[in-house]
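Working notes, structure below.
The values are calculated or read from the model by the stated rules, or taken from the named source; none is laboratory data. This structure is a prediction, so every number in the text was calculated from the model and none was measured. Ideal geometry is used to build each Cβ from the backbone, glycine not excepted, and the neighbour counts take in all protein chains shown.
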Amino acid sequence: MFKVFATRNIPKEGLELLKPRCEIEVNESGRSLTKQELLEKIKDKDACITQLTDKVDKNFFEAGQNLKIVANYAVGFDNIDLNEATKRSIFVTNTPDVLTQATAELAWALLFACSRKIVEADKFTRAGLYKGWDLYLFLGLDISNKTLGIIGAGRIGQAFAKMSKGFKINILYTANSKKSDFEEQTGAKFVDLNTLLKESDFVSIHAPLTPHTYHLIGKNELSLMKKTAVLINTSRGAVIDEQALIESLENKQIYAAGLDVYEREPIIEKGLKELDNVILLPHIGSATYKTRIDMSILAVQNILDYLDGRIPRTLVNK
Ligand code: DGY
């Protein structure tokens, strides 16, 4: 029977679909496996459902000699050596679309929270410091009638931009290419990165991590941003040079940052934790009940596609 290994216990809705046709082994430990444990587990498997925390590299493929497909339980696949998979004719799939809205919504949650100091204000109130209405208490930024800069206008970037309807927001974006439909729907303007950074009040990153986007936002880029600007990142931490961001936040070169992702997850730099103009979340972009179930079903559908002799529906190494 076709053997599948799931490196974490993904929602049962997906695994149930596999049961009639596969022998399934699941890591039920509630933690990510060590590299050695993972290599041991995939030795005899035909398919593996991986997490973004699993390093799917040359060693992984060498250990998994029977592997036909790796279904990554994430839209991002920077944890996977795609060339190595392709060289060995192993399919790699991801979970796009189903997590688009949830991730875009979280980016908005960060944008609101940073602009209106929601986290600080909550801490203040809990600490018993609220002594009555005060006209200078937690003044923040307006969101309406501002300029939103979107770095990476793929599915999530576009969804994020569309959610601004109602705030009378002006949209700028950078992407690999101009997106005419998106422009027609939102009035968004395609600009170069420097223009976007200079003119935006809110900058939100939705680009995948690739060699091209690694440290895309560094010291120079941050220095172009407005002193009143807010930077949001829900994509991958290493798109920003974290040390440069810490300096920029320390020096109040920008107003605030809202981060869901970090350069060296799960390590959060001490410098970041000490700042009060940054909101730090533990990579929860797609963390809604429904989204996580839908991701599970989609990851599994890709394996079923393979079993049915079809090209997996969300193949990334075409
Ligand atoms: C993804 O799917 O890439 C997200 O980062 C997971 O939440």
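Say whether the condition of being surrounded by fewer than 20 Cβ atoms within 10 Å (Cβ to Cβ), more than 22 Å from P211 (Cβ to Cβ), among the hydrophobic types (A, V, I, L, M, F, W, C) and away from the ligand (no atom under 16 Å from the Cβ) is met by at least one residue in region 68-86. No: zero hits.
Within region 9-22, residues that are over 12 Å from L304 (Cβ atoms) reach partners that are polar (S, T, N, Q) with beta carbons closer than 6 Å, at six or more positions or on different chains, in the pairs I10/S296; P11/S296; E13/S296. Scanning region 44-58 for residues that are farther than 22 Å from P11 by Cα and either touching a helix residue (DSSP H, G or I) at 6+ places or on another chain (Cβ under 6 Å) or touching a residue at least 60 places away in the same chain (Cβ under 8 Å) (or both) gives a single hit, K58. When V75, V70, V98, V92 are checked against the criterion of being assigned to a strand (DSSP E or B), on the phi < 0 side of the Ramachandran plot, touching a residue at least 24 places away in the same chain (Cβ under 8 Å) and not aromatic (F, W, Y), a single residue qualifies: V92. If only one of K162, K168, K178, K123 is in contact with a helix residue (DSSP H, G or I) (Cβ under 8 Å, 6 or more places away or on another chain) and basic (K, R), which one is it? The match here is K162. Screening G157, G132, G149 for residues that are part of a loop (DSSP other than H, G, I, E, B) and in the same structural domain as S235 (by TED's automatic domain parsing) leaves exactly one candidate, G132. The condition of being assigned to a loop (DSSP other than H, G, I, E, B) and away from the ligand (no atom under 16 Å from the Cβ) holds for only one of L275, L245, L231, that being L275.
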